[in-house]
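The structure appears below as structure tokens.
The values are calculated or read from the model by the stated rules, or taken from the named source; none is laboratory data. Quick caveat, the model's predicted, so the values are computed rather than measured. Neighbour counts run over all protein chains shown; Cβ positions are idealised from the backbone, glycine included. In case anyone asks, the SASA skips ligands and DNA or RNA and just uses the protein heavy atoms, side chains included. Shrake-Rupley method; radii C 1.70, N 1.55, O 1.52, S 1.80 Å.
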Amino acid sequence: MNHWILTLITFIPTLGALAVLCLPKDKASAIKWTALIFSLPPFVLSILLWTGYNFGTGGLQYVIQIPWIKDLNIHYYMGVDGISIPLIFLTTLLTTLSLIYSWIINERPKEYFALFLFLETGMLGVFTAMDFFLFYIFWEISLVPMYFLIGVWGGPRKEYAAIKFFLYTLVGSVAMLLAIIGVYFNVHTFSIPDAIQKLPFAGDWTMQSLAFIAFFLAFAIKVPSWPFHTWLPDAHVEAPTAGSVILAGILLKLGGYGFIRILLPMLPDAAQFYSMPMAILALISIVYGALVAMAQKDMKKLIAYSSVNHMGYVMLGIAAAAAANGAVADKAMALSGAMMQMFAHGLITGALFLLVGVIYERTHNRDLDQFGGLGAKIPVYGGLLSFMAFASLGLPGLAGFVSELLIFRGALPIYTVITALAGLGIILNAAYLLWMIQRVLLGPLNPRWVEVPDVDRREVISLVPLVALTIFVGVLPALLINTFNGPIMNIVKAASMTGGY
Amino acid sequence: MEFLTRITELTWLIPLLPALAFALILLTGRKGPGQGAYIAVAGIASSFVLSLLVIAAVLSRALHGHEFEAFAHSAPWMTVGGLPIRMGYYVDQLTAMMLLVVTTVAMLVQIYSIGYMHGDKRYPRYFAYISLFSAAMLSLVIADNLLLFFISWELVGLTSYLLIGFWFEKPSAMRAAKKAFIVTRVGDVGFFMGLLLLFWYTQSVNLREMFAHIPAMMSQTIFGLPALPVAGLLLFAGAVGKSAQFPLHVWLPDAMEGPTPVSALIHAATMVAAGVYLVGRMYPIFAFEPHSITLTVVATIGIITALMAATIATVQNDIKRILAYSTISQLGFMMMGLGVGGCGYTAGLFHLMTHAFFKANLFLGSGSVIHGTGTQDIREMGGLSKKMPYTYWTFLIATAALAGLPFTSGFFSKDEILLEAFHANQTIFWLGLVAAFLTAFYMTRLMALAFWGEPKNKEIHAHESPKVMTRPLVVLAVLSLVAGYIGWPTKNIFHHLVHFGEAEAVPFSWTVALLATGSAFAGIGLGWAVFMKRVISPSVFREKLPWAYNLLANKYYFDEIYWAILVVPLFRITAMLNGFDQKIVDGMVNGVGRVTVLMSVVWGWFDKWVVDGAVLLIGAITKLLGRLLRFTQTGMEQDYVLFMFVGILMIVGVYLLH
């Protein structure tokens, strides 16, 4: 059973998708229920994964490794550790909540729900795969359903956004594929842990550098780091609400996960060499993302740019952990902060996109200047939006603060000036988020919205778990931090051993 | 004794009880007891009682023991990178004083609010917010580490935002709330960076562990600057924001948009004093050497703020804004006390306590006035002393304390600050006297216009407020009178309890006391002459020195300057970057896309006409041949017979020719 649990988690959604496809297309309710029911076992299993993981032993657990394509030494190889488990949990949680929120989808529901479940398989596969070949396949699989979700169920410019999303990410994927092949020819394995152990291109600076840049491109586009971020606002604005939730909540994390799982441990010398440029890109993402977010009039675009800012913190933590100087404790804090920020951002920004969806569905408006005074009219919505906005600006006591604290504390001794300048982002975050609250909720009520109803039960169900987790992680972060402390210490210690160039 | 010591183990309950009240009010809403008000009052009252017991424990230990050992306890919170971070409480004499101030004022304000907020459409929410504030403020007070201090610091900032913008339908209120949060956050980033710097250098967030590292930090530098003053000044940036010190004071006057009891509790007595408390709590970082650069900055900012705000207060007409500028000025006094060093530490914190009582009294009094008259403009009031006796007398007592008249609480604390300044820095002392003079003057002006003389607006029918509002006023008035006596110059119990290092109380000085009292009476006299006796016309200042009047009436144009040099450029930059993002960054992406499409068109042409052309040519030749050959493949037997016949003829012909 232990060997098959990851396979089950990854492929139960596929079974669900196939089940949905077998249903007649006019039975919308049956389709939705089927999709929801099939999304639950992975969620439950991801919790069992977490509770059942032996933190004493650490390392990869629930491992399954079966030869797949013998001639090329490719295995069906899956395993998880403290880095992947929280992200798997987040994926299954957000998928289930998104499906609940998607109950309103009545346009071609069969295809929609099937694609959503395929998407879940792709994302979970990325987090569980330990073989580069498998990893790459899942990486690509996660791309296709999202392309269709944006392209079919999206807004007015959906075709443009979908193709941009697809091609942009594909550029990164192709670069990554080349790098994977390069690594294979160097160390003759597709196994990620083996490749890490063998340190590919050790001593071959040109190749290591090229491999780094190729992987970096793939992950930096996904994160997205400035200047590779412009696909994100378009994709978010056009995507259906649940698509945005998954996009911000999980797909961006694939990039951060790639950095932590592959880039840092496998190419430590190059990572060390390029850590300063990475930190600078992170700083630009943080400040630039916040400043551009402030200029937005479209609520969804504002949240999208805030993701550029927030993922910039993740990049900063990763860059600090990769740096040449700095104590192990500082680097571990920075990297723990980056992991934590990914989790927190998934909860908070996921919720914010849901909330944008809630108000858009009622008003068919996202123009911030057209709202106003909704706080008195729909107080529960107002409370939820304010809560999540404050969580997003890093209010202490909530999840986002702990991650910012750790990233800043970890990065400060390593990149003092860059980190101090990144502090500017903290002020700017408060400015654009409070301004957003003001324009949506405060002031006199715009008479256009006197008929707007408050959140309904379905929306509350999809939001409350995110609120609860945001508080829980903010108040008791130890549970999450202890989960990935082991692997992070290993990465950081190994990175500190490297000679660099 | 044993019982009291045991009771301190429950210190963590002090902030938790109001937090529970907050949760309970959220859950019950309008159905809760007293629509939530009773839950809130019960929560804070329990905290008050518990605080009194904890204070008693501190007192009994401090007054009997030789070496005071604080009550402290902590539990692990998280461990990152091998560094454990613990959360806990730390109760010493300073904590005890703050507990007394915060729980007393918070409880009285919440009782008062039952009357003041009566009939408000978001009544339960008000009490929920104010309970949350109390919880955060109390956890700030008892924090044993700088991280919990910062967390609570931000949470009181949140509740301040929520309460300033409580009537958020009003655009002025919503803007004030946002302004307060963002301006204080500018300082908070400094605090955050200072916290991180100390955490980095001392590898701990615990206060006592940090202080233990100070000797080691003395020699350390950051960017060539000594690390300790850098950390201290960063922390002080937070205090400047929270305590509305120059140049981040601009948010506090606008914060008066909030309900008046909120102004009393948050924006006069407790939260804004948290900055002073921060300096007091972190004093070893500031006073690592006598007359450290950090302390000099604190004192300088303090006196600038005290003078600046006092001058502005002399020409304001909104009763709450006068008090707001007065608060800024008095907070400046406290900073000045802490900044001059030595016993100034004791004096500044003593003033924090007395000010909390009389300023809360003044704000609640002004709330009662607003409640009774329906206006905040003192030019429309007048003659309220007869119509609102309780409000009037309590207000008068608090005014005397603020002006520093002898035997009121304000006298003892202000005198102590001036006394320290007198010995430490004469410039600061004389400027402080000017501020004290101005304080007495603007308060006399306020009293004269609002309470004395004849009613100016006949349409206002003032009435006294209900008992639930006047009773807390009476309690605060009593405290405003008597709270100073624990700092009696010859037997200074307060100094015995709250002092830094081995500093002995500086002996009482008649010179200073007389000068301070003299300046207060001079201010009152001038105010009386101008606004009661009209010996000097009140408009003389405006007419003779219009530029100076305008400068003060417009608050030195701080808002306008910040708007012009910060806000407008910021919006320009955001708009510019947005254009850059869409036109340049995304333009490049789309450019690459377009080039790719163009390339594909070119390749398509090449493919069609060159590559495919070659293929077609071959095809065409083949086709031509095929067409020619087709004549041989008709499928008709007679044709084949004909071909055969022709063929045979040709063979026969060739054979015959050879």
Looking only at the stretch A:67-108, which residues are open to solvent by 10 Å² or more (accessible area, probe 1.4 Å), in a strand (DSSP E or B) and not hydroxyl-bearing (Ser, Thr, Tyr)?
A:Pro67, A:Trp68, A:Ile69, A:His75
Which residues, counting only those in the stretch B:236-257, are touching a Phe, Trp or Tyr at 6+ places or on another chain (Cβ under 6 Å) and surrounded by 24 or more Cβ atoms within 10 Å (Cβ to Cβ)?
B:Gly238
Can you spot a residue in the stretch B:41-51 that is buried (at least 21 other Cβ atoms within 10 Å of the Cβ) and either within 14 Å of another protein chain (Cβ to nearest Cβ) or not in a helix (DSSP H, G or I) (or both)?
no
May I ask you to list the residues in the stretch B:586-605 that are open to solvent by less than 80 Å² (accessible area, probe 1.4 Å) and more than 12 Å from every other protein chain (Cβ to nearest Cβ)?
B:Ser600, B:Gly604
One residue from A:Ile213, A:Ile221, A:Ile246, A:Ile192 being over 20 Å from the mean Cα position of the chain (by Cα), open to solvent by less than 10 Å² (accessible area, probe 1.4 Å) and of a type outside the set (Phe, Trp, Tyr):
A:Ile192
List the helices (runs of 4 or more DSSP H) that sit entirely inside the stretch A:187-247 and contain at least 1 residues that are within 14 Å of chain B (Cβ to nearest Cβ).
A:205-222, A:231-238
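For every residue, the table says whether it meets (1) without any contact (Cβ under 8 Å) to a residue 24 or more places away in the chain; (2) open to solvent by 10 Å² or more (accessible area, probe 1.4 Å); (3) closer than 25 Å to B:Met256 by Cα; (4) among the aliphatic types (A, V, I, L, M).
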{"position": "B:Leu307", "(1), (2), (3), (4)": "no, yes, yes, yes"}
{"position": "B:Ala313", "(1), (2), (3), (4)": "no, no, yes, yes"}
{"position": "B:Lys320", "(1), (2), (3), (4)": "no, no, yes, no"}
{"position": "B:Ala324", "(1), (2), (3), (4)": "no, no, yes, yes"}
{"position": "B:Val340", "(1), (2), (3), (4)": "no, yes, no, yes"}
{"position": "B:Thr346", "(1), (2), (3), (4)": "no, no, no, no"}
{"position": "B:Leu349", "(1), (2), (3), (4)": "no, no, yes, yes"}
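Within the stretch B:20-34, which residues are crowded, with 20+ Cβ neighbours inside 10 Å and part of a helix (DSSP H, G or I)? Explain how you work it out, then say what you get.
If we filter the stretch B:20-34 for residues that are crowded, with 20+ Cβ neighbours inside 10 Å, which is where we start, we get B:21-22, B:25, B:32.
Passing the criteria: B:Ala21, B:Phe22, B:Ile25.
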Listed by first then second residue, the pairs whose first member lies in the stretch B:496-517 and is within 15 Å of B:Pro406 (Cβ to Cβ), whose partner is acidic (Asp, Glu), with beta carbons under 7 Å and at least 6 positions apart or on separate chains, are B:Val512/B:Asp415; B:Ala513/B:Asp415; B:Ala516/B:Asp415
List the number of the failed condition for A:Tyr274; all other conditions in (1) more than 21 Å from the chain's Cα centre (by Cα); (2) open to solvent by 10 Å² or more (accessible area, probe 1.4 Å); (3) within 29 Å of A:Leu72 (Cβ to Cβ) hold.
(3)
Could you list, in sequence order, the residues of the stretch A:438-452 that are within 10 Å of chain B (Cβ to nearest Cβ), surrounded by fewer than 22 Cβ atoms within 10 Å (Cβ to Cβ) and assigned to a helix (DSSP H, G or I)?
A:Gln438, A:Arg439
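Output the residues belonging to the stretch A:4-18 that are closer than 12 Å to A:Ser39 by Cβ and surrounded by fewer than 18 Cβ atoms within 10 Å (Cβ to Cβ). Before the answer, list the steps.
Going residue by residue through the stretch A:4-18, those that are closer than 12 Å to A:Ser39 by Cβ are A:9, A:12-17.
The one that is closer than 12 Å to A:Ser39 by Cβ and surrounded by fewer than 18 Cβ atoms within 10 Å (Cβ to Cβ): A:Leu15.
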Condition test on B:Gly372, is it buried (at least 20 other Cβ atoms within 10 Å of the Cβ), assigned to a helix (DSSP H, G or I) and in contact with a His (Cβ under 9 Å, 6 or more places away or on another chain)?
yes
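If you take the residues in the stretch B:426-466 that are charged (D, E, K, R) and either without any contact (Cβ under 8 Å) to a residue 40 or more places away in the chain or not in a helix (DSSP H, G or I) (or both), which one is least open to solvent (accessible area, probe 1.4 Å)? Don't jump to the end; show me each part of the working.
Of the residues in the stretch B:426-466, the ones charged (D, E, K, R) are B:445, B:454, B:456, B:458-459, B:464.
After this cut, where a residue has to be either without any contact (Cβ under 8 Å) to a residue 40 or more places away in the chain or not in a helix (DSSP H, G or I) (or both) as well, the list is B:454, B:456, B:458-459, B:464.
Values: B:Glu454: 133, B:Lys456: 97, B:Lys458: 148, B:Glu459: 156, B:Glu464: 48 Å².
The residue in question is B:Glu464.
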Restricting the stretch A:278-299 to residues that are in a helix (DSSP H, G or I), hydrophobic (A, V, I, L, M, F, W, C) and within 11 Å of chain B (Cβ to nearest Cβ), the residue that is most open to solvent (accessible area, probe 1.4 Å):
A:Ile284
Look at the stretch B:53-98 and say how many of its residues are within 14 Å of chain A (Cβ to nearest Cβ) and of a type in the set (Phe, Trp, Tyr).
1
Scope the stretch B:345-392; condition at pLDDT below 90 and of a type in the set (Lys, Arg); matching residues:
B:Arg379, B:Lys386, B:Lys387
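Per-residue answers, yes or no, for (1) outside any loop (DSSP other than H, G, I, E, B); (2) of a type outside the set (D, E, K, R); (3) open to solvent by 50 Å² or more (accessible area, probe 1.4 Å):
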site	(1), (2), (3)
B:Ser537	no, yes, yes
B:Glu543	yes, no, yes
B:Asn550	yes, yes, yes
B:Tyr556	yes, yes, yes
B:Ile584	yes, yes, yes
Of the conditions (1) more than 9 Å from every other protein chain (Cβ to nearest Cβ); (2) among the aliphatic types (A, V, I, L, M); (3) within 19 Å of A:Ile481 (Cβ to Cβ), A:Ala332 clears all except one; give me its number.
(1)
Got a sec? Which helices (runs of 4 or more DSSP H) wholly within the stretch B:144-231 have at least 2 residues that are open to solvent by 30 Å² or more (accessible area, probe 1.4 Å) and β-branched (Val, Ile, Thr)?
B:171-202
Residues of the stretch A:297-320 being over 13 Å from the mean Cα position of the chain (by Cα), among the β-branched types (Val, Ile, Thr) and within 15 Å of A:Gly425 (Cα to Cα), in sequence order, are A:Ile303
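Considering only residues that are open to solvent by 10 Å² or more (accessible area, probe 1.4 Å) and at the interface with another protein chain (Cβ under 9 Å from one of its Cβ atoms), which ones fall in the stretch A:481-490?
Just the residues of the stretch A:481-490 that are open to solvent by 10 Å² or more (accessible area, probe 1.4 Å), to begin with: A:482, A:485-487, A:489-490.
Passing the criteria: A:Asn482, A:Asn485, A:Met489.
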Those residues that are in contact with a Lys or Arg (Cβ under 8 Å, 6 or more places away or on another chain) and within 9 Å of chain A (Cβ to nearest Cβ), I need them from the stretch B:189-212; list them, please.
B:Leu196, B:Phe199, B:Trp200
Name the residues in the stretch A:380-425 that are over 21 Å from the mean Cα position of the chain (by Cα), closer than 24 Å to A:Val356 by Cα and open to solvent by 10 Å² or more (accessible area, probe 1.4 Å), would you?
A:Val380, A:Gly383, A:Leu384, A:Ser386, A:Gly397
Based on this model, can you work out whether B:Phe508 counts as of a type in the set (Phe, Trp, Tyr), at pLDDT below 85 and not in a helix (DSSP H, G or I)?
yes
Can you say whether A:Val144 is buried (at least 24 other Cβ atoms within 10 Å of the Cβ) and among the β-branched types (Val, Ile, Thr), as far as the supplied structure shows?
no
Quick check on the stretch B:562-579: of everything there that is over 17 Å from B:Lys178 (Cα atoms) and open to solvent by less than 80 Å² (accessible area, probe 1.4 Å), which residue is farthest from the other protein chains (Cβ to nearest Cβ)?
B:Ala564
